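Asks: Here it is, the structure, as structure tokens.
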Amino acid sequence: MIVNVLLSSYNGEKYIEACLKSVVAQSLDSLEVIFVNDGSTDGSGKIMKDYARIYPHFIYVEQKNRGLSEARNTGLEYAHGKYIAFLDGDDLLPKDELLHLYEKAEKTCADMVAGNVMTFGEGQGTDDFSRRNKETGFTVSGETFLTEAISNHHYVPMVYNYLYRRSFIEQHGLRFETGILHEDELWTPIALTKAKRVASINSTTYLYRQHEASIMSSSKAERRIASIGVVIR
């Protein structure tokens with residue numbers, strides 16, 4: 001198995017099927033998708049189960065609602081591919097981008113490969129807010145990548161902006177901090193400072209859906225501030 005896609009979802013019935021169709025359409029042949037249903041109470045669990053019955057490379061896992069961090073950690077326990085990509089149940093994957101990320105990782109022997117994200121949503125235009133990484137034919141250390149990205153205002157903290165070598169994740173025992181929001185903003189700098197080789201490509205590798213029910217738009221300010229405090233410490 002080459003790439004595991006770890007897909008986490010909670011009450012995402014409205015968008016989950018579009019997300020799953022984008023995974024089915026991937027041009028990368030050797031792919032295994034691990035669905036983690038984080039205690040959904042709507043119909044999204046049934047949709048995921050149906051896809052898992054149809055497609056043998058889809059694995060369905062269900063747990064009580066424990067939050068995105070624990071859902072991703074659960075997915076990591078089931079993963080056994082060479083590389084890992086993260087996907088949220090309301091977002092989409094462009095058709096060829098897992099293949100492009102994989103090819104770059106194989107060519108450069110990178111621990112992490114950075115792509116680019118495009119946002120979209122109902123009633124608004126698209127935004128290349130994190131289309132900042134350019135194609136490189138070489139790798140740099142994660143510390144160099146992080147320092148230069150911050151200096152150039154190109155730093156993207158979202159975990160789904162990167163493809164990871166699974167042996168790298170396991171070597172350093174990387175897991176998501178539970179009980180907080182903004183868990184990506186803690187995970188990503190830790191991962192980058194441990195990575196010895198980071199490469200990048202300049203195509204859009206992830207489509208992030210902005211909508212009113214998303215965590216970023218619906219979370220209360222107090223919890224977000226408390227979570228950012230944990231990240232800072």
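Asks: List the relative contact order of the chain as a percent without decimals, with contacts defined as Cα pairs under 8 Å and 6+ residues apart. Numbers along the way, then the final one.
Replies: On the way: 471 pairs, mean separation 56.1, N = 233.
Reported as a whole number, the value is 24 percent.
Asks: Rolling a 1.4 angstrom probe over the protein chains, ignoring ligands and nucleic acids, what is the accessible area of GLU183 in square angstrom, nearest 10?
Replies: 20 Å²
Asks: Right, next: With charges set only on the Cβ (+1 for Lys and Arg, -1 for Asp and Glu), what does the dipole of segment 1-122 come to about its Cα centre, in debye to the nearest 20?
Replies: On the way: 12 positive and 19 negative charges, 40 e Å.
Charge dipole of segment 1-122: 200 debye, to the nearest 20.
Asks: A follow-up question, please. Can you list the HN-Hα couplings for segment 5-17, worked out from phi with the Karplus curve (6.51, -1.76, 1.60; θ = phi - 60°), rounded to whole Hz and with x for Gly and Pro?
Replies: Here the 3J(HN,Hα) series is 9, 9, 10, 10, 8, 9, 6, x, 3, 5, 10, 5, 5 Hz.
Asks: Considering only protein heavy atoms, what is the solvent-accessible area of SER8 at a probe of 1.4 Å, reported in Å² to the nearest 10?
Replies: 10 Å²
Asks: With all protein chains present and a 1.4 Å probe, how do ASP50, ASP29 order by accessible area, largest first?
Replies: ASP29, ASP50
Asks: Next question, about the same structure. Kindly report, to the nearest 10 Å², the accessible surface of LYS95 as traced by a 1.4 Å probe over protein heavy atoms only.
Replies: 120 Å²
Asks: Taking +1 at the Cβ of each Lys and Arg and -1 at the Cβ of each Asp and Glu, which of LEU68, ILE232, ALA221 sits farthest along the dipole of the chain towards its positive end, judged by Cα position relative to the Cα centre?
Replies: ILE232
Asks: Sort CYS109, CYS19 from largest to smallest accessible area, using a 1.4 Å probe on the heavy atoms of the protein chains.
Replies: Numbers: CYS109 80, CYS19 0 Å².
Descending order: CYS109, CYS19.
Asks: For ARG233, ARG66, ARG166, give the ranking by accessible area with the largest first, probe 1.4 Å.
Replies: The ranking, largest first, comes out as ARG233, ARG66, ARG166.
Asks: Report, ordered by chain and residue number, the aspartates and glutamates lying within cross-link reach of LYS196, taken as a straight Cα distance under 16 Å and ignoring same-chain residues fewer than 8 apart.
Replies: GLU106, ASP111, GLU143, GLU148, GLU170
Asks: Considering the options ILE54, VAL36, ASN11, tell which one lies farthest towards the positive end of the dipole of the chain, charges being +1 on Lys and Arg and -1 on Asp and Glu at the Cβ, about the Cα centre.
Replies: The Cα lying farthest towards the positive end belongs to VAL36.
Asks: I've got another one for you. Would you grab the residues whose amide H sits under 5 Å from the one on ARG197? Only those 5+ places off in sequence or on another chain, please, with H modelled 1.01 Å from N.
Replies: It is ASP111, MET112, GLY142, by chain and number.
Asks: While we're here: Along segment 199-204, what does the Karplus equation 6.51 cos²θ - 1.76 cosθ + 1.60 (θ = phi - 60°) give for ³J(HN,Hα), rounded to whole Hz, x for Gly and Pro?
Replies: 3J(HN,Hα) across segment 199-204, in whole Hz: 10, 8, 10, 9, 8, 6.
Asks: Run the helix sum for the chain: -39,500 (n - 2.57) per DSSP H stretch of 4+ residues, divided by residue count, reported at 222 nm to the nearest 500 deg cm²/dmol.
Replies: -11000 deg cm²/dmol
Asks: Could you give the size of the charge dipole of the chain about its Cα centre, using +1 on the Cβ of each K and R and -1 on the Cβ of each D and E, expressed in debye and rounded to the nearest 20?
Replies: Computed charge dipole of the chain: roughly 400 debye.
Asks: Among the lysines in segment 42-123, how many pairs, 8 or more places apart or on different chains, have alpha carbons under 30 Å apart?
Replies: 12
The values are calculated or read from the model by the stated rules, or taken from the named source; none is laboratory data. Keep in mind that this is a model prediction, so the values were computed, not measured. Every residue, glycine among them, receives a Cβ derived from its backbone with ideal geometry; neighbour counts consider all protein chains shown. Ligands, DNA and RNA are stripped out before the accessible areas are found, and what is left, the full protein with its side chains, is counted by its heavy atoms. Shrake-Rupley method; radii C 1.70, N 1.55, O 1.52, S 1.80 Å.
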